[in-house]
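Reading through the structure tokens given below for one structure.
The values are calculated or read from the model by the stated rules, or taken from the named source; none is laboratory data. As the structure is a prediction and not an experimental result, all values here were calculated from the model. Heads up, the Cβs are rebuilt from the backbone with ideal geometry, glycines too, and the neighbour counts pull from every protein chain shown.
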Amino acid sequence: MLFNILITTTALLVILSFGLGVFSLVRNPKAKVVQLWFLMSMVVTIWSVGYIKTLLATDSANGFLSLRIVYFGAALIPILYFHFVSAFLFLNKKFNYLIYAGYALAFIFLILNTLTDFVIKGAKYLENFGYYEDVTNFGFKLFLAYFLFFAGFSIYLLFSVYRRSDGLRRRQIFYILLASLFGFLGGVSNFVMDLTGGYPYGQLIVWLYPLFITYGIYVDEIKIKIRF
């Protein structure tokens, strides 16, 4: 039962990430923030498709190949999100050096994750879940540090600016901050599974994040109002 829910919610993430990313780009194709959100959405779509393929793999070889797709997306997600957040908060010039460094690290991990066994060395099978990554100790911890730094710093910047904002800007940041918590707390639960074998329950809520980010970007234009 839980396996079917996991597949369904991840498939929903594929649909929402791709659909809302395209919707945002069509609606406002010249805005840098929207362009970055579109790229982020496409990478998350790739990650989600790889995730589903991994869960449905029939053997470890196919599971490992699917994990390459997962980690292709995982290498790009944190820096694209940080770039998106810094642009949304008008801080991209201030953190320009960090953005360039992040893309350099993303490129390095992109190569290591997809062409070598530095981070993941195979696929393990868990009953009632499917295949998941068999990680290396040192390489995985380096990758985890890269991922958590850019994800955590993005959330910190959002929270810091949120406290100093008001009106529409404060509402926008609130929904994007909420989306960040859904997305990264859910996604990080997969890393916890790699380290402890615990079930990634957080993955069940990740599909909410593209909804809240898109709402945050266009909160002044969308007629449906969300109250908390």
| remark: Conditions (1) assigned to a helix (DSSP H, G or I); (2) touching a residue at least 12 places away in the same chain (Cβ under 8 Å); (3) over 23 Å from residue 186 (Cβ atoms) -> residue 100 fails only (2)
| request: Return the total of residues in the range 1-48 being of a type in the set (D, E, K, R) and part of a helix (DSSP H, G or I). | output: 2
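Quick one: in the range 202-228, of everything that is of a type in the set (Phe, Trp, Tyr) and at pLDDT 75 or above, which residue is surrounded by the most Cβ atoms within 10 Å (Cβ to Cβ)?
The residue in question is 209.
Report whether or not residue 110 is at pLDDT below 95, surrounded by fewer than 18 Cβ atoms within 10 Å (Cβ to Cβ) and not small (Gly, Ala, Ser). Walk me through how you get there before you give the answer.
Details: at pLDDT below 95: no; surrounded by fewer than 18 Cβ atoms within 10 Å (Cβ to Cβ): yes; not small (Gly, Ala, Ser): yes.
No, not satisfied.
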| query | Among the residues of the range 12-28, is any within 20 Å of residue 134 (Cα to Cα), modelled with pLDDT under 95, surrounded by fewer than 21 Cβ atoms within 10 Å (Cβ to Cβ) and not hydroxyl-bearing (Ser, Thr, Tyr)? | reply | no
| task | Would you mind telling me which numbered condition in (1) more than 17 Å from the chain's Cα centre (by Cα); (2) modelled with pLDDT of 95 or more; (3) among the polar types (S, T, N, Q) residue 92 fails? | result | (2)
| message | Condition first: more than 25 Å from residue 156 (Cβ to Cβ) and of a type outside the set (Val, Ile, Thr). Can you find one or more residues in the range 89-102 that meet it? | response | no
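So that you can scan it fast, the table gives a plain yes or no per residue for (1) of a type in the set (Gly, Ala, Ser); (2) in contact (Cβ under 8 Å) with a residue 40 or more places away in the chain; (3) surrounded by 23 or more Cβ atoms within 10 Å (Cβ to Cβ):
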site	(1), (2), (3)
33	no, yes, no
41	yes, yes, yes
50	yes, no, no
56	no, yes, no
72	no, yes, no
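Are any residues in the range 113-135 among the hydroxyl-bearing types (Ser, Thr, Tyr) and either surrounded by fewer than 18 Cβ atoms within 10 Å (Cβ to Cβ) or closer than 20 Å to residue 32 by Cα (or both), and if so, which ones?
Residues satisfying the conditions are 114, 116, 125.
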